[in-house]
Amino acid sequence: MAPGSRAWAAAPAATLAVFLLPVVAGTVGTLLPALNHLPALGALGWSLDPWRTLAAQPGLARSVQLSLQIGLLATALSLAIATSWVAWAGERRASRWLAGLVAPLIATPHVALAIGLAFVIAPSGWLVRAVSPALTGWSRPPTDLVTVRDPWGAAMVLGLILKEVPYLLLMLGSALHQVPHRALLRSGVALGYRPATAWFKLVYPSVHAQLRLPVYAVLAFSMSSVDVGLILAPGNPPPLAVLAARWFADYDLQRYFPAAAAAVLQGLLVLGALVAWRLGEAVAAVLGRRWCERGRRAGVPVPASRAGAGLGAACLVLGTSAWTAMALWSVARTWRYAQVLPDAWGLATWAEQGPRVAATVATTASLALASATLALALCIACLEAEVRRRHVPSARVLWLLYVPLLVPQIAFLYGFQVVLVRLGWDGHWGAVTWAHLVFVLPYVFLSMADPWRALDPRYARTAAALGVTPWGVLWRLRLPMLLKPLAVAFATGCAVSVGLYLPTLFAGAGRVATLTTEAVTLASGADRRIMGVYTFLQSALPLAAYALALALPALRWRHRRDMA
Amino acid sequence: MSAADALTLREIRIALPGRVLIASLSLAVAPGAVVTVMGASGCGKSSLLAYVGGFLAPPFVAGGEVRIGALRLDERPPHARGAGILFQDDLLFPHLSVAGNLMFGLTAALRGRAPRRLAVEQALAEAGLGGFGERDPASLSGGQRARVALLRTLLSRPRVLLLDEPFGKLDVALREDFRRFVFDHARSLGLPTLLVTHDAADARAAGGPVVHLDAPAGAA
């Protein structure tokens with residue numbers, strides 16, 4: 001065995017430790033206070049009191065119900081819409097320009113989309129303005145219409161769908177790369193099936209397994225999102241995760257105990273929903289096979305497939321307009337009701353907010369760059385270790401990567417904060433970077449692992465035969481040849497970091513302000529023009545990272561056609 | 001069960017930007033007969049099948065009439081043409097059992113789970129694959145997979161059979177066997193069959209007329 005291969009064996013272990021320790025320690029750190037054990041606050045007695053307090057909370061059942069309802073609905077609809085869109089759009093040219101909207105939406109944080117959506121669908125918002133007063137007769141915004149923070153959570157479901165549909169489209173796209181989807185579709189059509197029917201009967205089953213973990217991540221996030229919940233979900237009672245976050249932020253420290261119980265309950269709820277979803281998949285698989293064997297050539301009715309595709313297009317357009325509306329607000333001097341565009345334009349808001357925003361941008365960017373750089377270095381070490389040790393871990397390891405995306409943030413971030421307080425690190429920039437790394441690392445790894453593993457191993461063998469050392473192969477061959485996927489992975493890491501709310505809040509002990517934490521704070525009633533500045537920057541930063549990630553390799557390899 | 005209508009192609013023209021692949025091709029295939037189209041790779045022979053099946057996508061530009069009897073196929077969407085096609089790869093659907101694959105192909109006109117199962121089992125038995133229904137397609141040999149792929153196409157009751165080098169990937173011993181299997185079925189069902197290949201042995205086995213697509217026809 002090659003010398004130093006022992007040291008390489010440490011790379012995956014160290015990486016797993018760095019990003020799973022906070023999850024494990026944090027979960028334990030949440031579980032203990034949920035059982036009334038928190039020495040820092042003088043609570044040493046084990047008891048179920050926190051659970052009793054939680055159970056006595058009026059509206060708890062409603063909070064639980066909202067959490068389940070929003071999560072399951074948002075996930076099922078996002079999956080249905082994303083798949084219908086792909087089944088319909090396939091090779092159609094008309095779908096190309098809409099597909100161009102996907103990437104910017106992926107880069108835009110949840111919070112920015114939620115704030116934008118809140119304006120678009122508000123009674124005084126863009127949609128109403130577009131048809132008022134001409135069609136509705138509303139010369140003032142209707143006061144009896146509740147469209148944002150509605151008691152059913154519909155606005156939150158919509159807000160989640162706008163962000164999850166593009167995400168699932170991206171995941172579907174990369175899963176489709178790995179199966180002969182065109183050939184499958186063509187053989188279905190040759191047997192007389194309509195294209196959309198053939199897609200659902202033949203192509204979907206072949207990508208289902210690869211889509212499973214991303215869908216679970218969507219389900220876990222949709223059930224337990226605090227940031228989107230604060231902006232779009234009903235407030236009284238709120239979804240469970242928002243309730244827990246509210247108590248954690250309470251001045252009354254005794255609230256920590258029922259808060260921890262609520263956070264644990266949220267974890268169990270997500271676990272239960274994931275198990276139920278998995279069982280649902282098994283049932284659907286049996287029914288799906290029957291459906292295939294019945295041989296009906298028009299199994300998916302044309303109107304249904306068109307409607308699904310229409311919803312997909314609507315999501316992309318609505319998401320984009322949510323973002324555009326906020327960008328317009330940032331340069332609006334006045335924008336009165338019923339005007340579809342601002343009455344007066346100007347950069348006053350930018351000038352006024354400039355100094356404060358600049359500091360926040362600096363913090364946000366530094367956290368993003370630091371966590372993405374660390375994640376990139378760790379992932380390179382892990383993937384290089386695979387090459388040196390000639391050992392590719394099994395698909396099960398993929399589950400470990402998804403752990404931080406499947407465990408609800410609220411269920412471990414408080415416990416992680418307790419650990420950070422113990423170490424005296426809470427509120428430090430470094431602690432926040434670590435918390436960000438937990439979420440950035442999985443995405444960076446998922447983004448770069450496939451291209452890395454797909455690189456033809458014969459390049460390295462050729463180099464070795466020419467006398468190049470393994471380090472030389474890494475620096476002179478592998479990294480330069482993979483410059484583009486590495487840059488894209490880095491940009492993805494930055495985008496994830498910029499959008500993080502709860503990790504910043506908890507690890508930063510409320511003292512580290514990023515664009516996202518500021519935007520959530522502002523969302524509760526501040527001037528829309530100021531919100532516009534923050535949400536614009538929230539998406540501009542990740543977009544700039546992606547633009548650089550595409551431009552730099554293109555510039556570096558402008559004379560190398562095969563590197564395009 | 002017999003298709004009993006001839007396949008006619010009239011003045012088929014297929015081009016890429018700046019290059020004409022097929023200038024004008026007309027031919028007729030009688031029910032149960034096999035016409036072989038031969039040529040080197042890149043001559044447009046697979047594009048011709050794709051045009052008949054309705055799968056030819058840009059940047060290809062194509063025109064010309066495709067008819068089965070009086071029925072204009074080129075005016076219909078691909079799924080409504082009844083053009084059964086076999087590729088070099090068998091493309092068995094990996095998520096369905098062997099019987100599931102055949103039931104997927106079997107025309108929906110035959111209703112009910114039991115009669116559909118029966119039809120599939122009979123087809124398997126006739127093909128020497130009795131009892132294979134519940135098997136995972138991945139557990140079959142190359143020759144068995146090829147036969148299942150043909151059965152799947154035939155059970156959909158196509159109007160015409162298009163063969164896109166379906167023998168190319170089989171080893172020599174199996175090839176002979178499968179060729180006979182395909183041509184016997186096509187003949188007994190009276191299917192007009194269009195075979196595309198670059199292997200002269202395929203053309204000999206098919207026994208019908210051979211059209212060469214090379215050179216003169218392609219030059220613009």
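Overview of values
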quantity	calculated
Some residue of the range B:34-51 being facing chain A (nearest Cβ under 8 Å) and part of a helix (DSSP H, G or I)	no
Number of positions in the range A:264-307 that are over 30 Å from B:Glu121 (Cα atoms), modelled with pLDDT under 95 and not basic (Lys, Arg)	5
Number of positions in the range A:184-201 that are over 32 Å from the mean Cα position of the chain (by Cα) and of a type outside the set (Val, Ile, Thr)	8
Checking A:Leu162 against (1) out of contact with any Cys (no Cβ under 9 Å at 6 or more places or on another chain); (2) buried (at least 24 other Cβ atoms within 10 Å of the Cβ); (3) away from chain B (no Cβ under 14 Å), the condition it does not meet	(1)
Any hit, the range B:175-183, residues being touching an Asp or Glu at 6+ places or on another chain (Cβ under 9 Å), surrounded by fewer than 15 Cβ atoms within 10 Å (Cβ to Cβ) and in a helix (DSSP H, G or I)	no
Residue within the range A:462-482 that is under 30 Å from the mean Cα position of the chain (by Cα), modelled with pLDDT under 90 and within 22 Å of A:Arg389 (Cβ to Cβ) present	no
Complete set of residues in the range B:129-165 that are over 25 Å from B:Leu71 (Cβ atoms), touching a residue at least 12 places away in the same chain (Cβ under 8 Å) and either among the β-branched types (Val, Ile, Thr) or in a loop (DSSP other than H, G, I, E, B) (or both)	B:Leu129, B:Phe132, B:Gly133, B:Glu134, B:Arg135, B:Asp136, B:Leu140, B:Val148, B:Glu165
Meets criteria (among the small types (Gly, Ala, Ser) and out of contact with any helix residue (DSSP H, G or I) (no Cβ under 7 Å at 6 or more places or on another chain)) for A:Gly510	yes
Criterion violated by B:Ala70 - all others in (1) more than 7 Å from chain A (Cβ to nearest Cβ); (2) surrounded by fewer than 22 Cβ atoms within 10 Å (Cβ to Cβ); (3) in contact with a helix residue (DSSP H, G or I) (Cβ under 8 Å, 6 or more places away or on another chain) satisfied	(3)
The range A:441-479: number of residues that are in contact with a helix residue (DSSP H, G or I) (Cβ under 6 Å, 6 or more places away or on another chain) and polar (S, T, N, Q)	1
Filter result (over 13 Å from A:Arg453 (Cβ atoms) and in contact (Cβ under 8 Å) with a residue 12 or more places away in the chain) within the range A:367-379	A:Leu367, A:Ala368, A:Leu369, A:Ala370, A:Ser371, A:Ala372, A:Thr373, A:Leu374, A:Ala375, A:Leu376, A:Leu378
Criterion (assigned by TED's automatic domain parsing to the domain that holds A:Trp138, crowded, with 18+ Cβ neighbours inside 10 Å, farther than 30 Å from A:Ala190 by Cβ and touching a Ser or Thr at 6+ places or on another chain (Cβ under 9 Å)) met by exactly one of A:Ala385, A:Ala322, A:Ala370, A:Ala338	A:Ala322
Sole exception among (1) among the aliphatic types (A, V, I, L, M); (2) within 12 Å of chain A (Cβ to nearest Cβ); (3) crowded, with 16+ Cβ neighbours inside 10 Å for B:Ala6, by number	(2)
Evaluation of A:Leu162 against (1) farther than 17 Å from B:His95 by Cα; (2) in contact with a His (Cβ under 6 Å, 6 or more places away or on another chain); (3) not acidic (Asp, Glu) (one fails), failing number	(2)
Hits in the range A:133-149 (condition: touching a residue at least 60 places away in the same chain (Cβ under 8 Å) and either surrounded by fewer than 17 Cβ atoms within 10 Å (Cβ to Cβ) or among the aliphatic types (A, V, I, L, M) (or both))	A:Pro133, A:Ser139, A:Arg140, A:Pro141, A:Val148
Residue under evaluation A:Leu48, criteria (1) within 17 Å of A:Leu268 (Cα to Cα); (2) within 31 Å of the chain's Cα centre (by Cα); (3) not assigned by TED's automatic domain parsing to the domain that holds A:Ile410, criterion not met	(2)
A:Arg511 vs. criteria basic (Lys, Arg) and surrounded by 22 or more Cβ atoms within 10 Å (Cβ to Cβ)	no
Unmet criterion (only one of (1) out of contact with any Phe, Trp or Tyr (no Cβ under 6 Å at 6 or more places or on another chain); (2) under 22 Å from B:Gly32 (Cα atoms)) for B:Gly130	(2)
A:Gly188 being part of a loop (DSSP other than H, G, I, E, B), within 14 Å of another protein chain (Cβ to nearest Cβ) and at pLDDT 90 or above	no
B:Arg111 vs. criteria more than 8 Å from chain A (Cβ to nearest Cβ) and buried (at least 22 other Cβ atoms within 10 Å of the Cβ)	no
Complete set of residues in the range B:91-101 that are more than 7 Å from chain A (Cβ to nearest Cβ), more than 15 Å from A:Ala190 (Cβ to Cβ) and not in a loop (DSSP other than H, G, I, E, B)	B:Val98, B:Ala99
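Yes/no per residue for (1) aliphatic (A, V, I, L, M); (2) closer than 20 Å to B:Leu163 by Cβ:
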site: B:Asp74; (1), (2): no, yes
site: B:Arg81; (1), (2): no, yes
site: B:Asn101; (1), (2): no, yes
site: B:Ala108; (1), (2): yes, no
site: B:Arg116; (1), (2): no, no
site: B:Gly131; (1), (2): no, no
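The values are calculated or read from the model by the stated rules, or taken from the named source; none is laboratory data. None of these values were measured; they are calculated from a predicted model. Heads up, the Cβs are rebuilt from the backbone with ideal geometry, glycines too, and the neighbour counts pull from every protein chain shown.
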